[in-house]
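Below is one structure, written out as structure tokens; comments come after it.
The numbers here are math on the coordinates, done by the rules we state, and not lab data. Only a predicted model underlies this, so the values are computations on that prediction, with no experimental measurement involved. Cβ coordinates were reconstructed from backbone atoms using ideal geometry, including for glycine residues, and neighbour counts include every protein chain displayed.
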Amino acid sequence: MESHTVPPEPTVSIDAADIMGGIMADVPFANQSGYNAQVMGQYPNVSQIPEAGITGSTLPSGETVRLGKQADPTNSARQAVVFQVAPSDPNTSGSKRSEFRFPDNIEFGKTYWVAYKVFVNNWGPLSSGDTSIFGTQLHSGNSAAGYSPSIGVYSINAGQDMVIRVRGTGVTGTINYATRPMPFGRWADFVFKFRQSTGADGFVQAWIDGEQVVNHQGANGWQTTYKDYMKFGYYNWTSFSTPRKVMMRNAVLVSDPTGSKYTADALRAVVNQ
């Protein structure tokens with residue numbers, strides 16, 4: 001079993017044995033493990049990322065960082081992980097992305113929680129064809145099959161709104177939930193609880209800033225012989241002309257062995273420490 005870094009002991013009760021991975025903005029990259037980066041055509045393990053970050057050409061903002069850390073824009077005493085892409089950047093796995101990839105450890109029929117805090121820099125009105133995934137996505141471990149994410153948070157409507165999408169075996173097309181304005185210029189916390197299935201026992205639930213916005217009951221996820229995996233960051237497969245930056249404070253993936261061991265409030269408390 002691949003090792004991973006367990007986030008610092010939360011102020012709420014999450015058993016360490018159930019924590020499958022975590023991203024921690026205030027912990028040096030060199031002291032983290034269990035997941036890798038995907039940016040600028042590079043795929044380093046998190047512990048190999050310089051604390052100064054992975055950089056590219058200078059952007060109009062004067063920044064060069066593509067994946068690294070900056071001061072939390074609302075609290076300069078804390079750090080935030082930066083995911084940034086630019087149109088001139090080299091492709092990574094066929095598109096522009098700045099992401100962290102967790103191991104393939106999501107199984108059909110089991111219950112999981114994912115929680116994180118995200119801050120989106122206001123990118124202004126975009127072209128109608130500009131669509132991206134930010135925050136998180138749940139991806140099939142069978143990458144060769146070309147499946148779209150079974151769960152993902154997407155920018156839509158010229159980048160001004162977001163939507164949570166659910167797909168999978170037994171799902172007709174794509175189901176869109178929780179269309180909301182993009183959370184520009186502020187921290188927003190997201191919590192997901194899900195069980196992938198081809199039948200009625202599957203579900204996807206989601207909360208934004210403590211409000212439940214998704215209660216999908218039934219089939220979801222692509223059933224294959226592979227385990228699936230989570231990603232965190234920013235990914236744009238369309239044609240775009242301006243840089244994009246998304247920041248993250250904390251993220252955690254938790255297994256729920258009973259299906260009811262944890263609550264959305266408990267996961268929200270972990271990422272809001």
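When the strands (runs of 3 or more DSSP E) confined to the stretch 48-163 are screened for residues that are among the aromatic types (Phe, Trp, Tyr), those reaching at least 3 such residues are found at 111-120. Residue 161 falls short on exactly one of the conditions (1) among the charged types (D, E, K, R); (2) surrounded by 16 or more Cβ atoms within 10 Å (Cβ to Cβ); (3) under 24 Å from residue 123 (Cβ atoms), and that condition is (2). Just so you know, in the stretch 171-197 the residues that are β-branched (Val, Ile, Thr) and in a strand (DSSP E or B) include one that is nearest to residue 133 (Cα to Cα), and it is 179. Has the stretch 202-225 got any residue that is of a type in the set (S, T, N, Q), more than 22 Å from residue 256 (Cβ to Cβ) and touching a Leu at 6+ places or on another chain (Cβ under 9 Å)? No, the stretch 202-225 contains no residue that is of a type in the set (S, T, N, Q), more than 22 Å from residue 256 (Cβ to Cβ) and touching a Leu at 6+ places or on another chain (Cβ under 9 Å). Could you say whether any residue in the stretch 95-105 is surrounded by fewer than 23 Cβ atoms within 10 Å (Cβ to Cβ), hydrophobic (A, V, I, L, M, F, W, C) and out of contact with any Asp or Glu (no Cβ under 8 Å at 6 or more places or on another chain)? No, the stretch 95-105 has no match at all. Count of the stretch 151-181 residues, restricted to those that are touching a residue at least 24 places away in the same chain (Cβ under 8 Å) and under 15 Å from the mean Cα position of the chain (by Cα), is 6.
Of all the numbered requirements in (1) crowded, with 20+ Cβ neighbours inside 10 Å; (2) closer than 23 Å to residue 205 by Cβ; (3) small (Gly, Ala, Ser), residue 109 misses one, and that requirement is (1).
Among the residues of the stretch 42-71, those identified as β-branched (Val, Ile, Thr) and either farther than 15 Å from residue 92 by Cα or touching a residue at least 60 places away in the same chain (Cβ under 8 Å) (or both) are 46, 49, 58, 64, 65. For residue 146, the conditions (1) farther than 23 Å from residue 251 by Cβ; (2) touching a helix residue (DSSP H, G or I) at 6+ places or on another chain (Cβ under 6 Å) are fulfilled apart from (2).
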